[in-house]
1. Tell me, what is the percent relative contact order of the chain, built from C-alpha pairs under 8 Å that lie six or more residues apart?
2. Let me have the 222 nm mean residue ellipticity of the chain computed from DSSP H runs of 4+ only, each contributing -39500 (n - 2.57), with the sum over all residues rounded to the nearest 500.
3. Which trypsin sites (Lys or Arg not before Pro) does the stretch 1-58 hold that lie in a coil by DSSP with at most 12 other beta carbons within 10 Å?
4. Count the DSSP beta bridges whose two residues both fall in the chain, then state the antiparallel fraction as a percent rounded to the nearest 5.
5. For MET146, which sequence-distant residues (separation of 5 or more, or a different chain) have an amide H within less than 5 Å of its own amide H, given hydrogens modelled in the peptide plane?
6. Using the Karplus curve 6.51 cos²θ - 1.76 cosθ + 1.60 with θ = phi - 60°, what ³J(HN,Hα) values do you get for each residue of the stretch 14-27, in whole Hz, with x for Gly and Pro?
7. Just to compare against my own numbers: the Cα pair-distance distribution for the stretch 2-144, 10 Å bins, whole % per bin, please.
8. If you filter the stretch 1-47 for GluC sites (Glu not before Pro), then keep DSSP loop positions with at most 13 other Cβ within 10 Å, what is left?
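What follows draws every value from the coordinates through simple rules; no lab data is involved. As the structure is a prediction and not an experimental result, all values here were calculated from the model. Here the Cβ positions follow ideal geometry from the backbone for every residue, glycine too, while neighbour counts run over all protein chains shown.
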Amino acid sequence: MTEQLPFWQRKKLHEMNHEEWESLCDGCALCCLHKIEDEDTDEIFYTSVVCHLLDDETCRCTRYQERTVLVPSCVHLRPQDVSEFHWLPPSCAYRLVHEGQPLPDRHPLVSGRKESMIDSGMSVLNVYEIKDDEIECDDDLIDFVMEEGIIFRG
């Protein structure tokens, strides 16, 4: 019976191979939004500023393989960092699997379609206002903090 379950239901994140791990990404690109952390409370605030490497049509990184070199602050999710995933949006597949939650029907692994996140309106394309190379400096990020609840809950 366990063999018939999809890999994300029968494996822990750290047990997945590279291909399985990468396929868990639903393509929402919400992790590509710039975030501000309150140093006193560790609270994370999402901004409506997205990385300049985001493709506006596919909702994917235009330079994925070299993103962490081109953008040193780029998120590089790894299985060994799973305990730090609390900052990911509640709708993120990595977070959902870690928390033992099912993947939603809109997830490409469930729907069978890469575009299902965009089509469902659950991608960063519906949230971001501006790309990071269009603002003066990182201090300006505070002007783009989104209201609580804007980030998709699932």
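1. 32
2. Counting only the DSSP helices, I get -3500 deg cm²/dmol.
3. Taking the stretch 1-58 and a limit of 12 other Cβ atoms within 10 Å, the loop trypsin sites (Lys or Arg not before Pro) found are LYS12.
4. Just about 75 percent of them are antiparallel.
5. TYR46, THR47, SER48
6. Values, residue by residue: 6, 8, 6, 7, 4, 4, 5, 4, 5, 6, 5, 4, 7, x Hz.
7. Answer for the stretch 2-144: a P(r) of 10, 39, 37, 12, 1, 0 percent.
8. GLU39, GLU43
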